[in-house]
Structures are given as C-alpha cells and as structure tokens.
C-alpha cells in the first residue's frame, strides 16, 4: 500500500470524529441561532422602532464589514482583557452566530420585502391581525424564496468552521493540523481535510437542490389550486 494512502486511511478516523464531535455541532448550532438572530434583526429593520432599527443596522454594518477571523479573535483573545473569559467552543459559537445572523437578516429582510403588499391586504381583509398576517401569509411565502440563499449560507458555514481552529477549537481542520505536526505530511493531510469538506458540501448541495425542487412543486400546486 502506498505511504500516502496508508496515512490517509489511518488519519480518516480522527478527522471524521473531530467533524462529528465539533464541526457538525458547531455548524448546526451556529446556523440555528444565527437564523433566529437574523429573523429578529430583519423584523426590527422592517417594522421596529427607529432607534432599534438603527442599532440593528449598525450591528449588520460591523459584522459584514469585518473579517470573520478578526471577529473570532476579538471574542476569544480580546474579551479576556476586559474580564470576559470564554472557552474556545462557546467563543466560536458566539462569533459564528453573530456572523450568520447579520447575513441572514439581510436575506430575510429582502424576501419579506419582496412579498407583494396585496398579500398583506388580503390577509387583513379576512380578519387577520398583523402578527397573524405575518406568520400565516407573509413568512410562508418569503420562506420559499429564502431557501436557496439561506442554504448557500449554511454550506458556506460548514467550510467557515475551519477558522475555529485558529482559536483552538479541536474541529476537523485542527485535527488535521495536529496530525501534520507529528507526521510532517502537510500536503496529504490537508488534501484529505479538503476532500472531507468537499464531501460535506456536496451532500448539502444535493439536499438543497432536492428541497428547492420540492418547494417549487408545492408552490405550483398551491397556485394551481388558487
């Protein structure tokens, strides 16, 4: 067996375990929390009082205008200087959540704004309140439009979690770095890590495509019934 293949097979288990133990949970938690933050931020931007909307705009401006790696360093290495100490995983979770929240807020704001005003009026005409119109009429229509960009954000997040290695989170990429430190085979290990990220992204891309097809079919069925 070639040396490079043997090394890849021996390191596959530790890399996959690091992915299961840290990369995947970090991705799922960050996206779920970030989506919640993004929805709240989008609703405040669209319908909230001006002072709160200004705060949200400032938050989005800061996050979108600075590198994610710098944000992670500020949280993990910067906050201890003012007495706020965080372990690596919670620091990464906060950083990714804030980053995802800023980007998804702009996506959600755009898709809600794209829903025709007539849908609001139709909801009001059958006696719905504003929250009911938003929850039952506007958000379901906006959600279908938001699936592709939100899915792309999720896939990008899977790859971005490799930045957590810079603040000592023992995820997939840092596991590769640890093995490189003992084997002195950076090319083989980093190619293997890249292939694992590629496999994850490819699976998610296929799932995204199937979800979009399903939603389009459901949308067409609803429109046909209407």
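The values are calculated or read from the model by the stated rules, or taken from the named source; none is laboratory data. Every value quoted in this text rests on a predicted model; they were computed, and no experiment measured them. Glycine also receives a Cβ, built like all others from the backbone with ideal geometry; neighbour counts cover every protein chain displayed.
Just name the residue that is farthest from residue 14 (Cα to Cα) out of those in the stretch 200-215 that are loosely packed, with under 15 Cβ neighbours inside 10 Å and touching a residue at least 60 places away in the same chain (Cβ under 8 Å).
212
Going through the stretch 58-72 one residue at a time, which ones are out of contact with any helix residue (DSSP H, G or I) (no Cβ under 7 Å at 6 or more places or on another chain) and assigned to a helix (DSSP H, G or I)?
Result: 58, 61, 62, 65, 70.
Tell me, please, whether a residue that is farther than 18 Å from residue 38 by Cβ, at pLDDT 95 or above and assigned to a helix (DSSP H, G or I) can be found in the stretch 117-127.
Scanning the stretch 117-127 turns up no residue that is farther than 18 Å from residue 38 by Cβ, at pLDDT 95 or above and assigned to a helix (DSSP H, G or I).
Would you confirm, using the coordinates I've provided, whether residue 93 is closer than 24 Å to residue 15 by Cα and modelled with pLDDT of 95 or more?
yes
Considering each residue of the stretch 118-140, count those that are exposed (fewer than 11 other Cβ atoms within 10 Å of the Cβ) and either closer than 16 Å to residue 46 by Cα or in contact with a strand residue (DSSP E or B) (Cβ under 9 Å, 6 or more places away or on another chain) (or both), and give that number.
Total satisfying the criteria: 1.
Find all pairs meeting these conditions: Cβ atoms under 7 angstrom apart; at least six residues apart or on different chains; first residue within the stretch 173-199 and within 11 Å of residue 8 (Cβ to Cβ); second residue not in a helix (DSSP H, G or I).
Between residues of the stretch 173-199 that are within 11 Å of residue 8 (Cβ to Cβ) and residues that are not in a helix (DSSP H, G or I), there is no close pair.
Looking at (1) touching a helix residue (DSSP H, G or I) at 6+ places or on another chain (Cβ under 6 Å); (2) surrounded by fewer than 18 Cβ atoms within 10 Å (Cβ to Cβ), which is the only condition residue 16 fails?
The number of the failed condition is (1).
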